[in-house]
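Have a look at the structure below, then the notes.
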Amino acid sequence: MSSFNWCHGPNCHTKELQSRIRGSKGSKVLRTMKVKYTPPPEPKGNRYYWFRHWTNYFCNQSCLMEFVEHNIQGMIALAPRREPLETPIKDPVKDNTRYYGQWTIEKRT
Ligand SMILES: [Zn+2]
């Protein structure tokens, strides 16, 4: 695998930013950003570092969200959800002595 990706943002190459300018004098262009590829670390416990992975494909959150905006229907079609998901829990317990997070919710195993 190469050590970089081109940003997948559909408008990355149209941003009027110094970082996009490439080419020689007289034939300058605004070019899609190169994004350094860093393999995500191994999962530790139940932490999967998903939030770092997208940075291998997009130069910033703006490009990520523009990609989502352009491709949302195709993304949903990859894994459509036609039924809600549920996580079994024990009967919640209310604790009125706490100001915040009054309900104790525990997953059932
Ligand atoms: Zn970008």
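Quick look at the numbers
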quantity	calculated
The chain, Rg to Rh (Cα coordinates; Rh as Kirkwood inverse mean 1/r)	1.18
In degrees, nearest ten, helix 61-78 long axis to first principal axis of the chain (Cα)	70 degrees
Charge tally in the Cβ shell below 14 Å around Arg31, where Lys, Arg are +1 and Asp, Glu are -1, Arg31 excluded	+4
Charge sum, other residues only, whose C-beta stays under 14 Å from Gln18's C-beta, Lys/Arg counted +1 and Asp/Glu -1	+4
Computed magnitude of the charge dipole of the chain (debye, nearest 20; Cβ of K, R +1, Cβ of D, E -1)	540 debye
Relative contact order of the chain, pairs being alpha-carbon contacts under 8 Å that are 6 or more residues apart, as %	24 percent
Length released on extending from Ile105 to His53, taking residue separation times 0.36 nm less the Cα-Cα span	15.7 nm
Long-range HN-HN contacts of Trp6 with modeled amide H, under 5 Å	Val35
Interchain or long-range residues, amide H under 5 Å from Arg31's placed H	Ile21, Arg22
Stretch gain in nm, segment Phe4-Asn71, where the contour uses 0.36 nm per residue and the Cα spacing is subtracted	21.9 nm
Low-density loop positions, GluC sites (Glu not before Pro), the stretch 68-109 - DSSP coil, at most 16 other Cβ in 10 Å	Glu86, Glu106
Packing-based exposure ordering (other Cβ within 10 Å, fewest first) of Arg108, Arg22	Arg108, Arg22
Charge dipole of the chain about the Cα centre (unit charges at C-beta), most positive-ward option of Asn96, Gln61, Gly74	Gln61
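No lab work stands behind these numbers, since they all come straight from the coordinates. Only a predicted model underlies this, so the values are computations on that prediction, with no experimental measurement involved. Because the Cβ atoms are built from the backbone with ideal geometry, glycine has one as well, and the counts that use them run over all protein chains shown.
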